[in-house]
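Here's the structure we're looking at; comments come further down.
The values are calculated or read from the model by the stated rules, or taken from the named source; none is laboratory data. Worth saying up front: this structure is predicted, and the values here are computed from it rather than measured. Backbone-built Cβ (ideal geometry, glycine too); neighbour counts: all protein chains shown.
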Amino acid sequence: MGSTLTVDNIVGATTAANVKLPAGSIVQTVNAKTTTYTNVASTTFTDTTLTATITPKYNTSKILILISQNTGSDRDNNSAYCSLQLLRGSTVIQTQTYISGIEANGASAVKSIGPWAVTCLDSPATTSATTYKTQGKITTTANNGTARFQWDNGESNITLLEISQ
């Protein structure tokens, strides 16, 4: 017959910070969302207003980052593409080019909307508050090329899960 341990609270012998969870345990979860409509008419990466901050309990923890970002691009004619990147603080973790794009070939006022889904495992090696955010840009600003985020009342989400090691 198996054993069962039932507890209401686990407290470390000296402090709660001394309790070590088994590897792979989810220590904490942080979720943030934004519906703030953001235009980026620039070929330089610019903040999209999707951001979340987590303070890891252990400096050995990994952070699992899950993102679903509402993206779009438009241009009066010809082709334009939206690119995105994920940052930890000011450090780029992942870049994706051509997220949503237009192959217009002369059409006017063409628009494209699509989601950007990311799963990334990061090792920040800190117990200090750590901010993750996305930035976007458009491949060309000619003919009013613009990258758009949270377009048409779209919602974007970022979830951070601290995973013990």
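Side notes on the structure shown:
- Residue list for segment 19-50, restricted to those being under 15 Å from the mean Cα position of the chain (by Cα) and either under 11 Å from ALA147 (Cβ atoms) or of a type in the set (A, V, I, L, M) (or both): VAL30, ALA32, PHE45, THR46, THR48, LEU50
- Boolean, ASP8 is out of contact with any helix residue (DSSP H, G or I) (no Cβ under 9 Å at 6 or more places or on another chain), among the acidic types (Asp, Glu), at pLDDT 95 or above and at negative phi: no
- Flag for VAL19 being free of Cβ contacts under 8 Å to residues at least 24 places away in the same chain and among the aliphatic types (A, V, I, L, M): yes
- Some residue of segment 40-60 being among the aliphatic types (A, V, I, L, M), free of Cβ contacts under 8 Å to residues at least 60 places away in the same chain and crowded, with 16+ Cβ neighbours inside 10 Å: no
- Looking only at segment 74-96, and only at residues there that are crowded, with 17+ Cβ neighbours inside 10 Å and among the charged types (D, E, K, R), the one that is modelled with the highest pLDDT: ARG88
- Single match in ALA147, ALA117 (criterion: hydrophobic (A, V, I, L, M, F, W, C), crowded, with 22+ Cβ neighbours inside 10 Å, at pLDDT 85 or above and within 20 Å of TYR37 (Cα to Cα)): ALA147
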